[in-house]
Amino acid sequence: MLFNSYAFILVFLPITLIGYYSIAGKQNLKLSALWLVSASLFFYGWWNPLYLLLIVFSISCNYLIGNFLSTLDKGNMKKYSLIMGVFVNLSLLGYYKYANFFVDNLNEVINTNFHLETIILPLAISFFTFQQIAYLVDVYKGDVREHGFLQYCLFVTFFPQLIAGPIVHHKEMMPQFLKKLSYKLSYKNLAIGLTIFSIGLFKKVVIADNISLYVGPVFSTAEVAGYISFFDAWRASLAYTLQLYFDFSGYSDMAIGLARMFSIRLPMNFNSPYKANSIIDFWRRWHITLTRFLTTYVYLPISLPLTRYSMMNNFGNKIQFVHSIAIPVLITFLLSGLWHGAGWTFIVWGLLHGCYIVINNLWRQFHKSYFRNFKSVYFLGGFTSRLVTFLAVVLSFVLFRAESIFGAKVILDAMFGGNGLSLQIGTAEGILALAAWSMSSGTVLIIILIGVVFFAPNTQQIMIRYQPALEVNNIEIKALYKNLFQWKPNYKWALFTLIILFISMLSLANVSEFLYYNF
Amino acid sequence: MDNNEIMRKVTTIFQEVFDDDEMSISPEMTASDVDSWDSLTHIRLIISHELAFNIRFDTTEISELENVNDFIVLLKQKIS
């Protein structure tokens, strides 16, 4: 079931909420949890009931492994059990997500002809796999107090975050699920949740879906090596960059809003990523919970021992940089690329971002040694840095969207002027054509939206007075936002929510899937 | 090792890693307060303490630190 469907908004959500609060009113934690878990499994099974078996199997396995881990004393046995547990999770993900890719490439490389039926990627498997790996590591460290199978099921399946994140930690969710206050009907939380949900829905169905019209045709043309002009290539890439942001951050908003209707706070997942001043900053603002996961469970475990080795042997700065940053960053982003999809485009996309980050770090080291006691690392100036970062991201998303490396190359070629500028600026026709192109609805829409992602406050900033998500304390609120764009429970904002919800509901007729459903 | 001694040693390590002889540290200080505190200096900081105090940090331990105080608490736990 999609969040942006009539079935979800008009039937599933109201029934789940009413059921929840009528049971929860009796302060029966077990029964309320059971209701939520059943609703969430129904939500999951709506898509393909068969895969219910898979998710239940995965949850049961991890719960048992977790329990087993917690009985062991620290030592090799415990370590190997953890490794086994992580391995089980990764094999499941590996089979469903990468088997086809692997066999296809094997056939290509060594000219064999193995045949494997196309395996359909089970919904959400990338997300619940990561979430449960984190859980096992937390158990291993002794950070988790176990609260029974039902509560564990709730932690994994809670429907707002089940399908596409945010990727949550056991220790940030469990205390909320166990707090009596969470089970009390709160009109305040319902109002806040509905507002956040409506903003997310609007981002998805009104903005992202409409802008996708300017993306698809150009990328399809690229795959068959058709002609793409310089301007069309840029427009399509910019449109996709905007589409992906509004789609995925809209999804995250909806998840956060839905959870809030049940008085649960999810962690923040987006913080205006296109306002980033550097690529390092970008990854602190884009899909925050994934970056958090990869930093803790991939980057640091590689970087720490390498740095230790480097420093113990007194290697020079250059080698230390390679050990602490370059190698671990490239591996982390390679895996991040693979996580996003089993395809060469994603691998190259990941490596490209890895290189971006390494360059960004190199630049910082260089800057540090030449300008001691500097005030800011962004000496290009705040706005120029933002622009350069944005362009680097736009180029990378061409790879993210293209169906093949070939298609990406065709678009990138056009963007770098490979097909000429096509419009003869000197001639009258050329100027007229350019004028017509810039006034076309698509171009105007894209320019407006770039303004929005560069300057407008984000959902968390609008809702900041009401703690919209976990870990929002460190987001900055500009003075301008403070006066104009601060949500308050008054008629003005109720009208705002009503209008965006109404427009979104009308646009639901043309349902499309979320981009991140496929990951 | 008493508290003062630990703090003196920690301060010296910070000064070395950040290459700033006048640097002083306070419990509330976070990475965002210091311009040159990036992932590279962060990891160097951790390992320098490991070598100086002859201890080992765990990856998950260091990813949870919020400020200098958290770090010092963790450090003292490791020493004792």
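Is it the case that some residue within region B:12-22 is farther than 22 Å from residue A:305 by Cα, surrounded by fewer than 16 Cβ atoms within 10 Å (Cβ to Cβ), in contact with a helix residue (DSSP H, G or I) (Cβ under 9 Å, 6 or more places away or on another chain) and facing chain A (nearest Cβ under 9 Å)? Yes, the conditions are met somewhere in region B:12-22. Residues of region A:436-455 that are at pLDDT below 85 and open to solvent by less than 40 Å² (accessible area, probe 1.4 Å): A:440, A:442. In region A:281-316, the qualifying residues are those that are over 15 Å from residue B:60 (Cα atoms) and of a type in the set (Lys, Arg), and the one that is farthest from the other protein chains (Cβ to nearest Cβ) is A:285.
Here residue A:384 clears all of (1) assigned to a helix (DSSP H, G or I); (2) more than 30 Å from residue A:223 (Cβ to Cβ); (3) within 12 Å of chain B (Cβ to nearest Cβ) except the condition numbered (3). Considering A:142, A:94, A:148, the condition of being of a type outside the set (A, V, I, L, M, F, W, C), more than 30 Å from residue A:452 (Cα to Cα) and within 14 Å of chain B (Cβ to nearest Cβ) is satisfied by A:142 alone. Do you know which residues across region A:497-519 are modelled with pLDDT of 65 or more and buried (at least 16 other Cβ atoms within 10 Å of the Cβ)? Within region A:497-519, A:497, A:500, A:501, A:504, A:505, A:507, A:508 qualify.
Within region B:40-67, how many residues are more than 8 Å from chain A (Cβ to nearest Cβ) and surrounded by 19 or more Cβ atoms within 10 Å (Cβ to Cβ)? Going through region B:40-67 one residue at a time, the tally reaches 3. Selection of region A:1-53 for residues being open to solvent by less than 40 Å² (accessible area, probe 1.4 Å) and part of a loop (DSSP other than H, G, I, E, B) yields A:1, A:2, A:3, A:4, A:5. Taking region A:228-272 as the region of interest, how many residues are part of a loop (DSSP other than H, G, I, E, B), under 19 Å from the mean Cα position of the chain (by Cα) and within 26 Å of residue A:396 (Cα to Cα)? Within region A:228-272, residues that are part of a loop (DSSP other than H, G, I, E, B), under 19 Å from the mean Cα position of the chain (by Cα) and within 26 Å of residue A:396 (Cα to Cα) number 5.
Residues in region A:339-370 that are among the aromatic types (Phe, Trp, Tyr) and either within 13 Å of another protein chain (Cβ to nearest Cβ) or in contact with a Cys (Cβ under 8 Å, 6 or more places away or on another chain) (or both): A:363, A:366, A:370.
Filtered by the rule that a residue be at pLDDT below 80 and open to solvent by less than 40 Å² (accessible area, probe 1.4 Å), region B:27-36 gives B:34, B:36.
The values are calculated or read from the model by the stated rules, or taken from the named source; none is laboratory data. From a predicted model like this one, the values you see are computed outputs, not experimental measurements. FYI the Cβ positions are ideal-geometry reconstructions off the backbone, even for glycines, and counts take in every protein chain you see. Accessible surface is based on the protein model in full, side chains and every heavy atom, while ligands, DNA and RNA are left aside. Shrake-Rupley method; radii C 1.70, N 1.55, O 1.52, S 1.80 Å.
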